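Chemist: One structure, pasted below without further comment.
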Amino acid sequence: MDAQDARRHVIEAGLSNDLQIAFYNVAEATAADGELMFSRGVSRDLAKSVTCRTYASLVLQLCHLVNIADAAGNEGWEVLFFSGGRATSQTFRSLIGERLIARGWRRAGFTVTTKGIITTYEDGEFQVPYSRMPILAALMYLMLETVGFVEIDKILSNMLKNPARKKFIGKTANSLSARLYDYLGAHLRPVQEQAKFEQIVSFLKAETDGDEVEIDDAMILGFWQTQIQSIENKDFRQYRSALRAFVAFAQAIESGRSKIAVAHPAAIGEDRAAGEISPDILPEDLELEDDWKSPLIELDSEPASAIRFLNQQERKDLALIMDWGPLALAWPLSLLRHETFGFTQSRLTQAARAGASGAEISLIASCADTENFTTRIARISELHSRILETLKASAWILRQEHRKQKAENDDDRVIGNQDMEARRAFKKLNRQGFSEDILGVPELVAGHRTGATAMLRLRDQVDQWCNKAQSLDDAPPGLGKLFENDTMCFRDEFNRLYGESS
């Protein structure tokens, strides 16, 4: 997909179901003739303004339009917005014109021009163009869906008691914006996270020049290097922060793809300008129902939590591989950089905060003692072997329980008929929940049964990651050269970030 598609998917993923429904209701609202009340372009622009939280100027214009509507007739501002006609510039021009022909302005201070309506207040002027009225009407619909009619009518009624001052209209707009902001706080991705995603989208657009986007390890490193060149940008000073942002960004894209495919089936097509989505992404999207869930979560939950399948160091070494799931397999080099050079940068940050000497900072920044990629992969491979031993020990316990109950054994998937090997693994393991006295304790046996299932998924994930990471050595330039190149790259960036001149 291109960067614009990525942005749309990310935004969609950040919406609550209620807000998503509200946008849908506005987009699908129909006029009296059965046609859509708002054009697709208007609905799309409204969604962009609200989700990016750039709606303040729209709310201000909306309040001035309500004042205009109230002054143009006795029926109230609602008539202009709920006339039943399609929301076009010409429709609003005609509606206001017809009301003025019938009754004229209820109060002075309004001037009709070819472009819109100018309101002359005691403290200044304000113009609402006809071209803006369709999206302002769509915003009104959305706010009625989200904030609610009673609250909005109360605020606007109070404004219309004193409509002669521009400043007062502005205060009302601030009040309405605050109500919408409060609603979005519970129904939309936080501002800071969305801002980070926008920085990623901007980088992808610049790198690909609008072409298809394929995020890889090199692109993530390039993003970090680009971002730290800006003194003002503090969001991505840490490589780990940049990488985590990309992980969250990719996960949001996947979630947004699924939401769009389900909630907007009518928006499938090749016309990107109309907000349509290329149909070639649908087969992949519709397979997202079984999203990745870290096995560590299940191991932390009852009944498995009563068994110590992993120690703290093992859990720490496995955390990212499990949390990122498929992304850990897609970006194995980035994960290696996170755990090696990312750790070195954490040490640099702590040293700098502690006021360490320039010599100490330089020594750390040299990356001389940074764990290399080969050693890291070997450590995870060794951990994979220990996981297998733990699985055998757990399977032995379940085998004994099955035999005790004369039940059919269903754990040959782990050890087959090699009882002796499994018993040997059990005897060697000195951890909570791996002792003879747990046999006959239903809660602990249930913990092994649930935990073994999670450990099998964990084993498979580690096995796949090790294969992916090791494959980096099979392709030029190989792990050794990759680490050598990265050492030069990170050393240069660290010296620039933490050196005496920084």
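Chemist: State whether the residues of segment 134-150 include one that is of a type in the set (Asp, Glu) and over 18 Å from residue 42 (Cβ atoms).
Modeler: No, segment 134-150 contains no residue that is of a type in the set (Asp, Glu) and over 18 Å from residue 42 (Cβ atoms).
Chemist: For segment 340-366, what are the residues that are under 26 Å from the mean Cα position of the chain (by Cα) and crowded, with 20+ Cβ neighbours inside 10 Å?
Modeler: Once the filter is applied, which keeps residues that are under 26 Å from the mean Cα position of the chain (by Cα) and crowded, with 20+ Cβ neighbours inside 10 Å, segment 340-366 yields 340, 341, 342, 345.
Chemist: Let me ask something additional. Scan segment 93-125 for residues that are crowded, with 19+ Cβ neighbours inside 10 Å and either acidic (Asp, Glu) or in contact with a strand residue (DSSP E or B) (Cβ under 9 Å, 6 or more places away or on another chain) (or both) and jot them down.
Modeler: Scanning segment 93-125 gives 96, 116, 117, 119.
Chemist: Which pairs turn up if I take residues in segment 420-438 that are over 18 Å from residue 299 (Cα atoms) and look for partners that are at pLDDT below 85 and of a type outside the set (Val, Ile, Thr) with beta carbon separation below 8 Å, at least 6 apart in sequence or on another chain?
Modeler: Cβ pairs passing all conditions: 422/399.
Chemist: Residue check, residue 293 against (1) assigned to a loop (DSSP other than H, G, I, E, B); (2) of a type outside the set (Val, Ile, Thr); (3) within 18 Å of the chain's Cα centre (by Cα); (4) at pLDDT below 60, all met but one. Which one?
Modeler: Of everything listed in (1) assigned to a loop (DSSP other than H, G, I, E, B); (2) of a type outside the set (Val, Ile, Thr); (3) within 18 Å of the chain's Cα centre (by Cα); (4) at pLDDT below 60, residue 293 misses just condition (4).
Chemist: Which pairs turn up if I take residues in segment 116-136 that are among the β-branched types (Val, Ile, Thr) and look for partners that are in a helix (DSSP H, G or I) and surrounded by fewer than 19 Cβ atoms within 10 Å (Cβ to Cβ) with beta carbon separation below 6 Å, at least 6 apart in sequence or on another chain?
Modeler: Every condition considered, the pairs that remain are 135/45.
Chemist: Further question on the same structure: Looking at segment 331-357, which of the residues that are touching a residue at least 40 places away in the same chain (Cβ under 8 Å) and of a type in the set (Phe, Trp, Tyr) is farthest from residue 238 (Cα to Cα)?
Modeler: 331
Chemist: Does residue 327 satisfy the criteria of being buried (at least 17 other Cβ atoms within 10 Å of the Cβ) and within 27 Å of residue 485 (Cα to Cα)?
Modeler: yes
Chemist: Next question. Which residue, of 318, 391, is buried (at least 22 other Cβ atoms within 10 Å of the Cβ), touching a residue at least 40 places away in the same chain (Cβ under 8 Å) and under 30 Å from residue 440 (Cα atoms)?
Modeler: After applying the criteria, what remains is 391.
Chemist: Working carefully through the options 225, 251, find the one that is outside any loop (DSSP other than H, G, I, E, B), of a type outside the set (A, V, I, L, M) and modelled with pLDDT of 85 or more.
Modeler: 225
Chemist: Give all pairs with beta carbons closer than 6 Å in which a residue from segment 183-203 that is under 18 Å from residue 242 (Cβ atoms) meets a residue that is acidic (Asp, Glu) and modelled with pLDDT of 75 or more; count only pairs at least 6 apart in sequence or on separate chains.
Modeler: Short answer, once both residue conditions are applied: 196/235.
Chemist: Just to check your reading of the model, which residue among 320, 336 is assigned by TED's automatic domain parsing to the domain that holds residue 373, modelled with pLDDT under 95 and of a type outside the set (Val, Ile, Thr)?
Modeler: It is 320.
Chemist: Follow-up. Can you tell me which residues in segment 299-343 are over 19 Å from residue 391 (Cα atoms) and polar (S, T, N, Q)?
Modeler: Once the filter is applied, which keeps residues that are over 19 Å from residue 391 (Cα atoms) and polar (S, T, N, Q), segment 299-343 yields 334, 340.
Chemist: So, in segment 162-173, of the ones that are free of Cβ contacts under 8 Å to residues at least 12 places away in the same chain and not in a loop (DSSP other than H, G, I, E, B), which residue ends up nearest to the chain's Cα centre (by Cα)?
Modeler: Restricting to residues being free of Cβ contacts under 8 Å to residues at least 12 places away in the same chain and not in a loop (DSSP other than H, G, I, E, B), the top hit is 171.
Chemist: Kindly indicate whether residue 215 is part of a loop (DSSP other than H, G, I, E, B), touching a residue at least 12 places away in the same chain (Cβ under 8 Å) and within 23 Å of the chain's Cα centre (by Cα).
Modeler: So residue 215 passes the test.
Chemist: Report, by residue number, each residue of segment 48-77 that is touching a helix residue (DSSP H, G or I) at 6+ places or on another chain (Cβ under 8 Å) and farther than 30 Å from residue 193 by Cβ.
Modeler: Listed by number, the residues that qualify are 64, 65, 66, 67, 68, 69, 72, 73, 74, 76, 77.
The values are calculated or read from the model by the stated rules, or taken from the named source; none is laboratory data. Note that the structure is a prediction, hence the values are computed from the model and not measured. Cβ atoms come from the backbone with ideal geometry, glycine included; neighbour counts cover every protein chain shown.
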